[in-house]
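Derivation of every value follows stated rules applied to the coordinates shown; laboratory data play no part. If you're wondering where the values come from, they're calculated on a predicted model, not measured in any experiment. Cβ sites come from the backbone with ideal geometry, for glycine too, and all protein chains shown count toward neighbours.
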Amino acid sequence: MGNRLTFVFWTLFFVLTILRVSGQENVFLLSGRIITTEGTPLPFTTIFIKQNGTGTVSDPDGYFEIKLPMGEYEVTFQFMGYETVIRTIRLNEPVKVDIVMREQAIVLQNVTVYAGNEDPAYTIMRKAIAKAKFHTQQIDAYTAKVYIKGRGQLTDYPWMAKKALEKEGITKDRLFISESVSEINYTRPNKFEEKVVAIYSNGEDNNTSPNEYVFGSFYEPEIAETISPLSPKAFGYYRFEYVGSFRDREYEISKIKVTPRSRGDSVFEGTLFIVEDWWSIHSLDFSTIKYGIDFKIKQFYHPIEDDKNRGLAWLPVSQQFGVDGSVFGFEFEYQYLATVRDYKIELNPDLVLEMTVIDEKIQKEEAVKIKEEHSEKGQQLQERLSSGKEITRKELNQLMKEYEKNELKTEEDPAIISSATFSVDSLARKKDSLYWDNIRPLPLTKNEIKGYKKSGQYGCG
């Protein structure tokens, strides 16, 4: 009996060993460096793998490493202000590829200046704002994993607190690190679930967490208690200026300067990039002030394909945040990085279509013609929308309001505007170093390792 158990044990051991080794043999390392034409490294370049819906970034020196199963991949490299680079890479062995990115040439298109010398940015923004509600309803469901890393330190503090802080091991060169991995699950119209599956931290975030931005949406009227430039009320809060356009793959992108009419805690300032015809966000670079703390936000979006190949939606794949503030003489700074991997989306079948949005304030003749043409046919808005043809901003707004109203009628409990749940896995704080080495989009820097070591956590998380 004992010999039989021993035989079974060693058989299982060898089988598991073979499976583990063979699994490793089928995973290869894609690595390289991203630089400008002058040889300058591009830190935190967004890298997106189309085949598995995964976003990652390069490190502060422009280097990147990605472990992928054997196969062929379309890899996209994006950096704000530079031309997007796409490479098709076949992995059946480790591959090293260096990427050289060129500065983006911004050109002024032959835009028409209408009566009153209105800036062309306003018709672009009217269309984007009209389409915002469509984008919030476009996705029926999606799942993804979100990795967030924060690092921060005190840059100054009152001299009276120096002795007490040093006693706790807190000095100006002490780096505080936090990492987390969350599994998110969204179901339209209002169900959002976040489950934290891994946590690794040696300090507090001092209320600088960017989660409201990471899990929020600029398509909503407000994000993090701040008016979005895509809010229906945006023209009362912002001025817009058309800077120019550029070509990114097959898409035309408009660059819009966003300036608050009155600076304060409830507005953004910076640059917004809009995808022409889709009227969706391509990327953004904003700053804002909240409770006296300065936030800098960069988001990079990518077209994500529906699992059923019915279309695509533009969703954020990497986000960067800078936080600077001072509270009672304690000055601090934090940087955060958020990347999304394993995107799986399911588009709303009612809204899987292309349409041409007409700005009736500017394109008056086209708007009248469209209204007359469809009035003669007696088409309902839903029928017109499903045809994927021209529609005015006003009609699109009306349609989306009717659509949401009808959705609420079918809800089991329409009184519930939104349902958000948050949970932490019981094993979240017990992930080993191998887990973190595999999940991190880029390795820890020497200073980050030093910060973990000072807290006695490095190697035990």
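Pairs spanning more than 24 Å between alpha-carbon atoms, out of K191/K389; K133/K233; K361/K401; K290/K446; K131/K369: K191/K389; K290/K446. Going by the alpha-carbon gyration tensor, a ≥ b ≥ c the square roots of its eigenvalues, is segment 197-266 rounded (a/c under 1.5) or, if a/c is not under 1.5, prolate (a/b greater than b/c) versus oblate? Oblate shape, in that a/c is at least 1.5 and b/c is the bigger or equal ratio.
Approximating the spin labels as points 7 Å out from Cα along Cα→Cβ, the S423-to-Y435 distance works out to 1.6 nm.
One decimal place: the segment D307-E241 gains 20.0 nm when fully extended, by the rule 0.36 nm per residue minus the C-alpha distance. Taking amide H positions as modeled 1.01 Å from N, with prolines and chain starts lacking one, the residues under 5 Å from G32 and 5 or more places away or on another chain are F64, V97. 3J(HN,Hα) couplings calculated from phi for segment 134-148 with the Karplus curve 6.51 cos²θ - 1.76 cosθ + 1.60 (θ = phi - 60°) are, in sequence order, 4, 5, 5, 9, 5, 9, 6, 6, 7, 10, 6, 10, 10, 9, 10 Hz; Gly and Pro show x.
The simple spin-label model puts a point 7 Å past each Cα toward its Cβ; for F192 and I86 those points are separated by 3.0 nm. Set the Cα radius of gyration of segment 260-366 against 2.2 N^0.38 Å, with N its number of residues, and you get 1.43.
Which part of segment 217-258 falls in the paramagnetic zone of D265, meaning amide N under 18 Å from the point 7 Å along Cα-to-beta-carbon? Under cut-off, by backbone N: 222-228. Between K361 and F328, the modelled label-to-label distance comes to 4.7 nm, taking each label 7 Å out from Cα in the direction of the beta carbon.
In this structure the amide hydrogen of S228, modeled in the peptide plane, comes within under 5 Å of the amide hydrogens of E222, I223, none closer than 5 places in sequence on its chain.
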